[in-house]
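See structure below.
Laboratory data are not the source of any read-out in this text; all were calculated from the coordinates shown. Note that the structure is a prediction, hence the values are computed from the model and not measured. Heads up, the Cβs are rebuilt from the backbone with ideal geometry, glycines too, and the neighbour counts pull from every protein chain shown.
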Amino acid sequence: MSSGTLASPDTEPLGPMPPALRRRARRTLLLLALVCVLPVLASYFMFYVWQPQGRVNNGALLPLTPLPQSGLPGLGGQPALTRAELEGRWTLVVAAPAACDAACARALYVSRQARIAQAKEMERVGRLWLVSDGAEPAADHLPGTSVADELRIARADAAWLAALPQLAPGTILLVDPLGNVMMRFDDRADATAAARALTKDLQRLLKYSALGRGGRP
């Protein structure tokens, strides 16, 4: 028999995967998905279900709504926003026109102060301004260069705006580390009190969620 008739191990067709191996692979995938979801579910349970007596939540819980997978163009000289940027962090979102009235400016300030108040956990919290119209933000609304001022700015499209609940001016939304809109913080005339209330809710969520500790995944 000549060598040309021998089948190469690299080209020999593989048969169908045995049922036992297929079931094992499926179980492995389900286990990996569960490991990713459990930290968020645990934080929800501790925050909303198993609450010590007398504890009051400041934010309003919303039905979980996933944000679209599509990216958005960045504004203010920033690169495009990818959906993956929102994963692994708790993100404070303000949706408002580029003109950014007093309620919008107050919401951006409150989100900044609440993030700074997390101290060493600050990097586990992101901030995002979704510009809801076609204009460009004025220079005085753009973030500074310090870590404390970190703010992503992107122009929201119809799909992203449709995923957000009907918002009153100055509302801040909280997006979980899986990219779901899950909580709403309504505007308050007293920005200091608003920042304090948001800070407390964030501290509890960060305490009960392990996601993002030791660096973003």
Nearest-0.05 FRET efficiency for Val147 and Ala105, computed from C-beta distance (R0 22 Å)
0.60
For Asp149, what is the net charge nearby, where nearby means another residue's Cβ is under 11 Å from its Cβ and Lys, Arg count +1, Asp, Glu -1?
+2
Model label zone, Leu161; criterion: amide N under 16 Å from point 7 Å along Cα-to-beta-carbon; scope the stretch 58-100:
68, 72-73, 94-100
If I model a spin label as a point 7 Å beyond the Cα along the Cα-Cβ vector, how far apart are those points for Asp133 and Ala168 in nm?
2.1
At what distance in nm do the modelled label points of Ala84 and Ser70 sit from each other, each positioned 7 Å from its Cα along Cα→Cβ?
2.0
Once a ≥ b ≥ c are taken as the square roots of the eigenvalues of the Cα gyration tensor of the stretch 120-208, is the result rounded (a/c under 1.5), prolate (a/b larger than b/c) or oblate (a/b not larger than b/c)?
rounded
Relative packing of peptides 141-149, 189-197, 102-110 - highest average C-beta neighbours within 10 Å first
102-110, 189-197, 141-149
